[in-house]
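The next block holds one structure in the form of structure tokens; read it before the comments.
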Amino acid sequence: MKSKRSFFSLAIILNDIKRFWWISAIYALLLFLASPLTILNRDVERYILRENTINLEMIMGGAWFFLALMPVMIGVMVFRYIQNSKSVTVIHSMPYTRLQLYVNHFLTGLILLLVPILLNAAILAGIGGFTDYGLVFEPNIVTEWLQIHFWISIALYAVTVAIGMFTGSSIAQIIFTYIYNFLAVGFLWGMEQVLNGNIYGFSGFSEDLVIPVAKFFPLTQIFLILSEEISMTNLAVINAIMFLVIGAIGYFVYRYRNLEDAGDVISNDILKPIFKYGVTICVMITGIVYVKGLFDIENPNFLIYLLFALIGYVIAEMLLRKSFRVWDSYKGFIGFIGAFAIVVLLVSFDVFGYEKYVPKVSEIQTAFISDGNNDIKSFIESGYRKSWRIGVLTEEENIALVTDTHQKIVADRLLEDSKNDGYLVIGYLLKNGKIVKRIYNDHIERYEEKITKIENTREFRKSTNEIFDITEGQLKGVEVRNQITDKAITLSDPVVMKEILAAAKEVVYSSEDTDFRNYGDRYCVEFIFEGKGEGETADTKRVGKYQSIYFGFDDGDVVLKDLLIKEGCEAIFTDYSNVQSIRIMKLDEENDNEKTISDHAMIQLFIARMDELNDFCKDGDVYRVEFVCREEVTEDGETATFVNIRLYADDRFDGFYQD
């Protein structure tokens with residue numbers, strides 16, 4: 001009668017713990033220094049007094065580094081015997097099956113890994129539950145700390161062990177583990193850089209591929225946690241499945257692994273060609289990205305691709321053969337060249353129609369156009385937040401304006417004669433739910449007339465200015481401010497506020513400007529309203545239950561200015577008595593070329609001339625103009641200058657500067 005043997009062997013587990021307890025102890029100490037001790041070093045009374053809180057980022061501290069390091073080290077140490085031919089022969093001669101060896105070593109590694117995590121989680125819970133630090137802990141941060149460490153650690157540990165079964169070298173195991181975690185995301189990013197410049201209008205695939213793919217690799221999950229791109233529930237589900245599946249794969253490879261494979265870089269024959277051509281492609285992509293960045297080349301020569309591919313191919317062959325004699329493997333490289341040439345031809349002749357594709361107006365639900373933000377998918381998910389400055393067009397005639405512009409750009413296809421003079425994003429949400437996006441940055445000035453026509457539509461203006469998020473009933477106050485003098489007048493009459501809001505919206509519709517954020521504008525209207533709004537952005541501010549939107553304007557916005565004068569704000573536009581001096585600096589020269597105007601009459605003359613020169617005294621890059629409204633002498637005798645606004649002028653300002 002056959003005896004039954006348990007999967008578990010206390011002898012193996014105790015022996016491993018006896019050999020490797022020290023690495024677990026070091027991990028526990030490092031985690032304590034990185035998290036609990038970091039919290040205890042903070043002044044809790046100060047936090048309580050200022051009503052500040054301790055968040056997850058604070059208690060993680062340097063723990064991120066150890067989270068990425070220790071599961072790999074423990075996974076390598078526990079199974080290190082399989083990388084040494086003598087050790088693996090001795091251990092496999094013992095009266096244990098491979099299943100017993102794998103399960104018990106694997107379980108020991110988990111114990112060594114999780115005990116430090118659970119111990120430090122208990123310490124953090126004690127700090128939060130029995131000291132004043134608990135008063136400033138954000139809700140659930142200890143639970144989140146534990147979840148992050150637990151789920152990422154077990155998944156990374158399983159990956160490390162499984163990769164160890166495919167290689168016969170501990171060093172290679174460590175290197176391949178980190179490569180595995182970043183390979184997919186790095187490959188997609190590298191391909192994105194390579195294709196950008198080779199495919200006209202290429203918009204990348206970060207939104208559709210990089211983030212979703214990053215969710216399935218433990219180390220890239222860390223970045224998603226930091227950017228709040230993955231929830232704790234998703235982290236738990238993905239990593240639990242990853243742990244079980246990859247752990248099982250590790251066992252099956254271990255079960256059929258040859259003992260003599262110890263010492264080989266790749267111990268599995270099936271993976272050797274995958275490794276060889278994978279290294280070839282990765283080195284080629286890395287080299288091309290480097291060349292493009294170093295020499296600012298949009299589309300490197302085909303021979304440069306082949307050069308880096310050859311370097312990668314030779315390196316891979318040397319590692320596999322453990323020899324420098326690899327020249328007899330040229331046939332494999334010739335095959336790679338042939339396959340790569342086919343891919344180049346497919347891209348060059350736009351066989352799949354990517355470059356030429358422009359949806360029909362009847363297929364489009366919404367069109368988008370922007371000169372900056374290109375994350376159309378996230379913009380849609382945000383609910384079309386106006387702070388993103390992406391034009392949203394749903395009316396058929398306006399959609400037609402976008403497709404007409406797009407078709408003209410596609411027909412011209414000015415990729416070869418590259419001239420980076422702008423940035424244009426065109427996107428569509430189709431009626432079937434598909435998102436189409438293209439990005440162009442060559443010869444954009446050729447389409448300025450068509451783009452301006454789109455930007456002048458009321459629909460575009462309304463979709464890109466947050467002022468249209470305010471309803472009359474929400475308004476609680478209006479503050480009119482001169483941004484040079486910092487003088488302000490607050491209005492609270494509901495009828496007046498309603499008129500000012502209507503006038504400001506009309507300015508948006510009628511002005512040549514499309515951006516009314518208060519950057520460089522002489523005047524600003526702050527609309528204070530009650531409501532959630534979109535949160536704080538560059539031109540909004542949240543205070544308690546109220547939110548403010550800042551609306552910048554200039555003397556040319558006559559309707560709004562006249563209304564404000566009528567409502568008693570004339571001094572905002574005329575009183576510059578507190579301007580003590582004006583400093584003009586040419587940005588490409590030394591500070592000794594700075595010119596200061598301190599005479600009151602000259603200051604008034606300058607301000608008067610600003611009205612006629614306003615168009616280039618807003619966002620240029622040649623001159624900086626500073627209005628000094630206050631100077632104070634500090635305790636150490638230095639003069640502190642207080643500047644309310646800085647204007648930046650272009651080279652048309654030369655004439656006045658010389659005067």
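The values are calculated or read from the model by the stated rules, or taken from the named source; none is laboratory data. Remember, it's a predicted structure, so these values are computed and weren't measured experimentally. Methodologically, a virtual Cβ is constructed for each residue, glycine included, from the backbone with ideal geometry; neighbour enumeration extends over all protein chains shown. Side chains included, ligands, DNA and RNA excluded: accessible areas come from the protein's heavy atoms. Shrake-Rupley method; radii C 1.70, N 1.55, O 1.52, S 1.80 Å.
Here are some notes:
- Residues that are touching a Gly at 6+ places or on another chain (Cβ under 9 Å) and aliphatic (A, V, I, L, M) within segment 381-402 comprise Ile390, Val402, listed in sequence order.
- For Gly533, the criteria (1) crowded, with 17+ Cβ neighbours inside 10 Å; (2) at pLDDT below 80; (3) assigned to a helix (DSSP H, G or I) hold in every case but one, which is (3).
- Selection from segment 116-139 of residues that are aliphatic (A, V, I, L, M) and open to solvent by 20 Å² or more (accessible area, probe 1.4 Å): Leu118, Leu119, Ala122, Ile123, Ala125, Leu135
- Count - residues of segment 181-225 that are outside any loop (DSSP other than H, G, I, E, B), at pLDDT below 85 and of a type outside the set (S, T, N, Q): 19
- Some residue of segment 25-44 being in a loop (DSSP other than H, G, I, E, B), under 30 Å from Gly168 (Cα atoms) and not aliphatic (A, V, I, L, M): no
- Candidates are the residues of segment 387-417 that are at pLDDT below 80 and closer than 19 Å to Thr464 by Cα; the one that is least open to solvent (accessible area, probe 1.4 Å) is Ser387.
- Only listed residue being over 29 Å from Trp151 (Cα atoms), out of contact with any helix residue (DSSP H, G or I) (no Cβ under 8 Å at 6 or more places or on another chain) and either at pLDDT 90 or above or not polar (S, T, N, Q) (or both), chosen from Val314, Val291, Val279: Val314
- Of the residues making up segment 559-588, just one is under 16 Å from Arg624 (Cα atoms) and over 41 Å from the mean Cα position of the chain (by Cα), namely Ser581.
- Residue check for Met94: surrounded by fewer than 18 Cβ atoms within 10 Å (Cβ to Cβ), part of a helix (DSSP H, G or I) and modelled with pLDDT under 90: no
- Qualifying residue in segment 342-351 (condition: surrounded by 13 or more Cβ atoms within 10 Å (Cβ to Cβ) and modelled with pLDDT of 85 or more): no
- Residue in segment 26-46 that is more than 29 Å from the chain's Cα centre (by Cα), more than 20 Å from Gln147 (Cβ to Cβ) and hydroxyl-bearing (Ser, Thr, Tyr) present: no
- All told, Arg50 falls short of being surrounded by fewer than 18 Cβ atoms within 10 Å (Cβ to Cβ) and closer than 20 Å to Ile171 by Cα.
- Restricting Ile337, Ile315, Ile342, Ile311 to residues that are over 34 Å from the mean Cα position of the chain (by Cα), in a helix (DSSP H, G or I) and either acidic (Asp, Glu) or farther than 30 Å from Ala400 by Cα (or both) narrows the list to Ile337.
- Count of residues meeting criterion [out of contact with any Asp or Glu (no Cβ under 9 Å at 6 or more places or on another chain), among the small types (Gly, Ala, Ser) and farther than 25 Å from Ser231 by Cβ] in segment 135-171: 3
- Subset of segment 352-362 (residues that are in contact with a Phe, Trp or Tyr (Cβ under 8 Å, 6 or more places away or on another chain) and open to solvent by 40 Å² or more (accessible area, probe 1.4 Å)): Tyr354
- Filtering segment 141-192 to residues that are touching a Lys or Arg at 6+ places or on another chain (Cβ under 8 Å) and either surrounded by fewer than 18 Cβ atoms within 10 Å (Cβ to Cβ) or charged (D, E, K, R) (or both) leaves only Ser170.
- The residue that is surrounded by the fewest Cβ atoms within 10 Å (Cβ to Cβ), counting only those in segment 54-76 that are of a type outside the set (A, V, I, L, M, F, W, C) and closer than 18 Å to Ser169 by Cα, is Gly75.
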